[in-house]
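The values are calculated or read from the model by the stated rules, or taken from the named source; none is laboratory data. Keep in mind that what you see is a predicted model, and the values were worked out from it rather than measured. Every residue, glycine as well, gets a Cβ built from its backbone with ideal geometry; the counts of neighbours run over all protein chains shown.
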Amino acid sequence: MLAYGSDSSAIKDDRLVITQSISGTGALRIGGEFLARFYPSGKRIFIPTPSWANHNAVFKDSGLEVEKYRYYNKDTIGLDFDGMLADLKAAPEESIVLLHACAHNPTGIDPSEDQWRKISDVVKEKRHYPFFDMAYQGFASGDTKRDAFAVRDFVQEGHQICLAQSFAKNMVTLHGHREAMVLKYSGTLRRARRRLLHRVRISRGEETRGFAGQNPRPTTLFQSSSARCPNRLRDPQ
Ligand SMILES: Cc1ncc(COP(=O)(O)O)c(C=O)c1O
(Lines give C-alpha, C1' and ligand atoms only; values in the text may rest on other atoms or scores of the structure.)
Protein backbone atom coordinates (compact mmCIF):
# COMPACT_ATOMS: atom_id res chain seq x y z
CA MET A 1 0.00 0.00 0.00
CA LEU A 2 2.80 2.41 0.92
CA ALA A 3 4.64 1.74 -2.30
CA TYR A 4 1.78 1.39 -4.76
CA GLY A 5 -0.79 3.70 -3.19
CA SER A 6 -4.23 2.70 -1.96
CA ASP A 7 -5.82 3.49 -5.32
CA SER A 8 -3.38 1.32 -7.28
CA SER A 9 -4.98 -1.01 -9.81
CA ALA A 10 -2.34 -3.56 -8.87
CA ILE A 11 -3.87 -3.77 -5.39
CA LYS A 12 -7.50 -3.42 -6.47
CA ASP A 13 -7.14 -6.14 -9.10
CA ASP A 14 -5.30 -8.43 -6.72
CA ARG A 15 -2.22 -8.61 -8.89
CA LEU A 16 0.38 -8.56 -6.14
CA VAL A 17 2.30 -11.47 -4.75
CA ILE A 18 4.21 -10.76 -1.55
CA THR A 19 6.85 -12.61 0.31
CA GLN A 20 9.07 -11.84 3.25
CA SER A 21 12.81 -11.39 3.02
CA ILE A 22 15.69 -10.49 5.25
CA SER A 23 15.39 -6.73 4.86
CA GLY A 24 16.03 -4.88 1.61
CA THR A 25 19.23 -6.78 0.98
CA GLY A 26 17.40 -10.09 1.25
CA ALA A 27 14.64 -8.82 -1.04
CA LEU A 28 17.20 -7.92 -3.68
CA ARG A 29 18.75 -11.32 -3.31
CA ILE A 30 15.42 -13.17 -3.60
CA GLY A 31 14.39 -10.98 -6.52
CA GLY A 32 17.73 -11.57 -8.21
CA GLU A 33 17.64 -15.29 -7.70
CA PHE A 34 14.02 -15.50 -8.77
CA LEU A 35 14.81 -13.74 -12.03
CA ALA A 36 18.00 -15.74 -12.57
CA ARG A 37 15.89 -18.88 -12.39
CA PHE A 38 12.66 -17.91 -14.05
CA TYR A 39 13.16 -14.86 -16.23
CA PRO A 40 13.50 -16.35 -19.69
CA SER A 41 15.06 -13.48 -21.59
CA GLY A 42 18.64 -13.39 -20.43
CA LYS A 43 20.34 -13.18 -17.09
CA ARG A 44 21.78 -9.70 -17.38
CA ILE A 45 20.98 -6.97 -14.91
CA PHE A 46 22.03 -3.39 -15.60
CA ILE A 47 22.78 -1.29 -12.53
CA PRO A 48 23.68 2.41 -12.41
CA THR A 49 27.22 3.76 -12.15
CA PRO A 50 27.69 4.23 -9.29
CA SER A 51 25.25 2.14 -7.31
CA TRP A 52 24.90 0.92 -3.75
CA ALA A 53 28.12 -1.01 -3.12
CA ASN A 54 26.37 -4.31 -2.43
CA HIS A 55 24.27 -4.46 -5.60
CA ASN A 56 27.06 -5.99 -7.63
CA ALA A 57 27.80 -8.80 -5.20
CA VAL A 58 24.16 -9.51 -4.35
CA PHE A 59 23.14 -9.88 -7.97
CA LYS A 60 26.24 -11.82 -8.98
CA ASP A 61 25.64 -14.17 -6.13
CA SER A 62 22.02 -14.51 -7.25
CA GLY A 63 23.23 -15.89 -10.57
CA LEU A 64 22.85 -12.76 -12.70
CA GLU A 65 25.47 -11.09 -14.87
CA VAL A 66 25.92 -7.52 -13.75
CA GLU A 67 26.38 -4.74 -16.29
CA LYS A 68 26.38 -0.98 -15.84
CA TYR A 69 24.56 2.00 -17.25
CA ARG A 70 25.72 5.60 -16.92
CA TYR A 71 24.04 7.58 -14.14
CA TYR A 72 26.26 10.21 -12.52
CA ASN A 73 27.93 13.07 -14.33
CA LYS A 74 30.83 14.23 -12.20
CA ASP A 75 31.25 17.42 -14.23
CA THR A 76 27.73 18.66 -13.53
CA ILE A 77 27.43 16.79 -10.22
CA GLY A 78 24.08 15.69 -11.55
CA LEU A 79 22.32 13.00 -13.47
CA ASP A 80 23.89 11.91 -16.74
CA PHE A 81 20.45 11.61 -18.24
CA ASP A 82 21.53 11.37 -21.87
CA GLY A 83 24.15 8.75 -20.99
CA MET A 84 21.61 6.77 -19.00
CA LEU A 85 19.06 6.76 -21.80
CA ALA A 86 21.70 5.91 -24.39
CA ASP A 87 22.91 2.94 -22.34
CA LEU A 88 19.38 1.67 -21.71
CA LYS A 89 18.71 1.93 -25.42
CA ALA A 90 21.96 0.11 -26.24
CA ALA A 91 21.27 -2.73 -23.78
CA PRO A 92 19.99 -5.98 -25.32
CA GLU A 93 16.19 -6.16 -25.49
CA GLU A 94 14.46 -7.55 -22.41
CA SER A 95 17.38 -6.88 -20.11
CA ILE A 96 16.71 -6.50 -16.40
CA VAL A 97 17.27 -2.90 -15.29
CA LEU A 98 17.81 -1.95 -11.68
CA LEU A 99 16.35 1.44 -10.83
CA HIS A 100 16.75 3.24 -7.51
CA ALA A 101 13.18 4.41 -6.90
CA CYS A 102 14.28 7.48 -4.90
CA ALA A 103 17.22 8.86 -2.92
CA HIS A 104 19.74 7.17 -5.15
CA ASN A 105 22.56 5.71 -3.09
CA PRO A 106 25.31 6.89 -3.10
CA THR A 107 24.73 10.10 -5.11
CA GLY A 108 21.36 11.29 -3.77
CA ILE A 109 20.52 12.35 -7.32
CA ASP A 110 17.17 11.26 -8.73
CA PRO A 111 15.56 11.78 -12.12
CA SER A 112 12.78 14.38 -12.25
CA GLU A 113 9.23 13.18 -12.87
CA ASP A 114 9.56 14.15 -16.50
CA GLN A 115 12.82 12.24 -16.79
CA TRP A 116 11.22 9.18 -15.16
CA ARG A 117 8.52 9.26 -17.85
CA LYS A 118 11.19 9.26 -20.55
CA ILE A 119 13.04 6.41 -18.83
CA SER A 120 9.76 4.52 -18.70
CA ASP A 121 9.29 5.03 -22.44
CA VAL A 122 12.74 3.62 -23.22
CA VAL A 123 12.27 0.67 -20.86
CA LYS A 124 8.98 -0.07 -22.58
CA GLU A 125 10.38 0.36 -26.06
CA LYS A 126 13.22 -2.04 -25.28
CA ARG A 127 10.95 -4.43 -23.37
CA HIS A 128 13.33 -4.29 -20.41
CA TYR A 129 12.30 -5.66 -17.03
CA PRO A 130 12.34 -2.91 -14.37
CA PHE A 131 13.56 -4.00 -10.96
CA PHE A 132 13.03 -1.20 -8.45
CA ASP A 133 15.02 -0.91 -5.27
CA MET A 134 13.23 1.36 -2.80
CA ALA A 135 15.25 1.62 0.37
CA TYR A 136 14.48 5.20 1.35
CA GLN A 137 10.85 6.01 0.60
CA GLY A 138 10.17 9.40 2.17
CA PHE A 139 13.81 10.38 2.55
CA ALA A 140 14.30 12.16 -0.77
CA SER A 141 11.41 14.63 -0.63
CA GLY A 142 10.03 14.09 2.86
CA ASP A 143 6.85 12.82 1.22
CA THR A 144 6.30 9.10 0.79
CA LYS A 145 3.88 9.65 -2.09
CA ARG A 146 6.25 11.85 -4.07
CA ASP A 147 9.08 9.41 -3.52
CA ALA A 148 6.90 6.60 -4.88
CA PHE A 149 6.33 8.46 -8.13
CA ALA A 150 8.54 6.26 -10.31
CA VAL A 151 7.13 2.98 -9.01
CA ARG A 152 3.53 4.14 -9.32
CA ASP A 153 4.02 5.71 -12.72
CA PHE A 154 5.67 2.59 -14.12
CA VAL A 155 2.81 0.43 -12.82
CA GLN A 156 0.25 2.81 -14.26
CA GLU A 157 2.08 2.73 -17.58
CA GLY A 158 1.59 -1.04 -17.68
CA HIS A 159 5.12 -2.19 -16.82
CA GLN A 160 5.47 -5.43 -15.00
CA ILE A 161 7.87 -4.58 -12.23
CA CYS A 162 9.75 -6.19 -9.43
CA LEU A 163 10.06 -4.11 -6.28
CA ALA A 164 12.42 -4.73 -3.40
CA GLN A 165 11.25 -2.45 -0.64
CA SER A 166 13.08 -1.99 2.60
CA PHE A 167 11.35 -0.60 5.65
CA ALA A 168 14.56 -0.61 7.66
CA LYS A 169 15.09 3.13 7.41
CA ASN A 170 12.17 4.72 5.62
CA MET A 171 9.68 7.16 7.11
CA VAL A 172 7.51 4.42 8.58
CA THR A 173 10.55 2.68 9.86
CA LEU A 174 10.26 -0.63 11.59
CA HIS A 175 13.94 -0.56 12.32
CA GLY A 176 15.22 -3.93 13.31
CA HIS A 177 12.09 -5.56 11.93
CA ARG A 178 13.37 -6.63 8.60
CA GLU A 179 11.41 -8.23 5.76
CA ALA A 180 8.79 -8.84 3.03
CA MET A 181 8.34 -8.89 -0.73
CA VAL A 182 5.53 -8.41 -3.25
CA LEU A 183 4.88 -9.71 -6.73
CA LYS A 184 2.08 -8.17 -8.76
CA TYR A 185 0.38 -10.56 -11.12
CA SER A 186 -2.69 -10.49 -13.32
CA GLY A 187 -5.73 -11.40 -11.25
CA THR A 188 -7.24 -13.09 -14.26
CA LEU A 189 -4.40 -15.58 -14.40
CA ARG A 190 -4.95 -17.30 -11.12
CA ARG A 191 -3.09 -20.49 -11.96
CA ALA A 192 -0.07 -18.56 -13.16
CA ARG A 193 -0.24 -16.39 -10.05
CA ARG A 194 -0.28 -19.44 -7.80
CA ARG A 195 2.70 -20.90 -9.64
CA LEU A 196 4.58 -17.65 -9.32
CA LEU A 197 3.89 -17.46 -5.61
CA HIS A 198 5.11 -21.02 -5.26
CA ARG A 199 8.37 -20.14 -7.02
CA VAL A 200 8.93 -17.11 -4.86
CA ARG A 201 8.39 -19.28 -1.81
CA ILE A 202 10.99 -21.72 -3.08
CA SER A 203 13.53 -18.91 -3.44
CA ARG A 204 12.63 -17.38 -0.13
CA GLY A 205 12.82 -20.72 1.65
CA GLU A 206 16.31 -21.28 0.36
CA GLU A 207 17.38 -17.78 1.30
CA THR A 208 16.03 -17.85 4.83
CA ARG A 209 16.94 -21.42 5.77
CA GLY A 210 19.98 -20.19 7.60
CA PHE A 211 17.81 -17.92 9.70
CA ALA A 212 15.59 -20.57 11.24
CA GLY A 213 14.75 -19.57 14.75
CA GLN A 214 14.63 -15.91 13.86
CA ASN A 215 11.37 -14.27 13.06
CA PRO A 216 11.74 -11.98 10.09
CA ARG A 217 9.08 -9.27 9.86
CA PRO A 218 7.51 -7.85 6.74
CA THR A 219 9.69 -5.12 5.35
CA THR A 220 10.44 -5.67 1.71
CA LEU A 221 8.17 -5.80 -1.28
CA PHE A 222 8.78 -7.60 -4.53
CA GLN A 223 6.43 -6.96 -7.37
CA SER A 224 6.10 -8.08 -10.92
CA SER A 225 3.51 -8.47 -13.60
CA SER A 226 0.41 -7.97 -15.80
CA ALA A 227 -0.72 -9.62 -18.94
CA ARG A 228 2.79 -10.07 -20.30
CA CYS A 229 3.82 -12.16 -17.32
CA PRO A 230 3.04 -15.64 -18.60
CA ASN A 231 5.46 -15.16 -21.46
CA ARG A 232 8.10 -13.46 -19.45
CA LEU A 233 8.12 -15.70 -16.42
CA ARG A 234 7.44 -19.02 -18.02
CA ASP A 235 8.65 -22.37 -16.76
CA PRO A 236 12.38 -22.86 -17.19
CA GLN A 237 13.29 -25.03 -20.20
C1 LIG B 1 20.03 1.49 -2.32
C2 LIG B 1 19.92 0.49 -1.21
N3 LIG B 1 19.24 -0.64 -1.43
C4 LIG B 1 19.11 -1.58 -0.47
C5 LIG B 1 19.68 -1.41 0.78
C6 LIG B 1 19.52 -2.50 1.79
O7 LIG B 1 18.52 -2.22 2.70
P8 LIG B 1 18.46 -2.96 4.09
O9 LIG B 1 19.26 -2.14 5.05
O10 LIG B 1 16.99 -2.99 4.42
O11 LIG B 1 19.02 -4.33 3.91
C12 LIG B 1 20.39 -0.26 1.06
C13 LIG B 1 21.00 -0.07 2.37
O14 LIG B 1 21.77 0.78 2.62
C15 LIG B 1 20.52 0.74 0.03
O16 LIG B 1 21.19 1.86 0.24
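Data table
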{"quantity": "Some residue of the range 48-60 being more than 21 Å from Ser21 (Cα to Cα), among the aliphatic types (A, V, I, L, M) and either touching an Asp or Glu at 6+ places or on another chain (Cβ under 8 Å) or at pLDDT 95 or above (or both)", "calculated": "no"}
{"quantity": "Pick from the range 89-108, criterion crowded, with 19+ Cβ neighbours inside 10 Å and aliphatic (A, V, I, L, M), ranking: farthest from the chain's Cα centre (by Cα)", "calculated": "Ala91"}
{"quantity": "Residue match in the range 141-163 (condition: of a type in the set (A, V, I, L, M), over 20 Å from Ser8 (Cα atoms) and not in a helix (DSSP H, G or I))", "calculated": "no"}
{"quantity": "Residue satisfying all of: in the range 58-76; in a helix (DSSP H, G or I) and more than 12 Å from the ligand (Cβ to nearest atom); surrounded by the most Cβ atoms within 10 Å (Cβ to Cβ) among these", "calculated": "Ser62"}
{"quantity": "Any hit, the range 88-96, residues being in a loop (DSSP other than H, G, I, E, B), modelled with pLDDT of 95 or more and within 16 Å of the ligand (Cβ to nearest atom)", "calculated": "no"}
{"quantity": "Scope the range 1-44; condition part of a helix (DSSP H, G or I), small (Gly, Ala, Ser) and either crowded, with 24+ Cβ neighbours inside 10 Å or at pLDDT below 90 (or both); matching residues", "calculated": "Ser9, Ala10, Ser23, Gly24, Gly26, Ala27, Gly31, Gly32"}
{"quantity": "Scope the range 124-171; condition more than 10 Å from the ligand (Cβ to nearest atom) and hydroxyl-bearing (Ser, Thr, Tyr); matching residues", "calculated": "Tyr129, Ser141, Thr144"}
{"quantity": "Every pair of residues 6+ apart whose Cβ atoms lie under 6 Å, when the first sits in the range 93-121 and is under 26 Å from Glu33 (Cα atoms) and touching a residue at least 40 places away in the same chain (Cβ under 8 Å) while the second is among the basic types (Lys, Arg) and within 16 Å of the ligand (Cβ to nearest atom)", "calculated": "none"}
{"quantity": "Test: residue in the range 78-86 that is away from the ligand (no atom under 16 Å from the Cβ), assigned to a helix (DSSP H, G or I), under 14 Å from Phe46 (Cβ atoms) and not hydrophobic (A, V, I, L, M, F, W, C)", "calculated": "yes"}
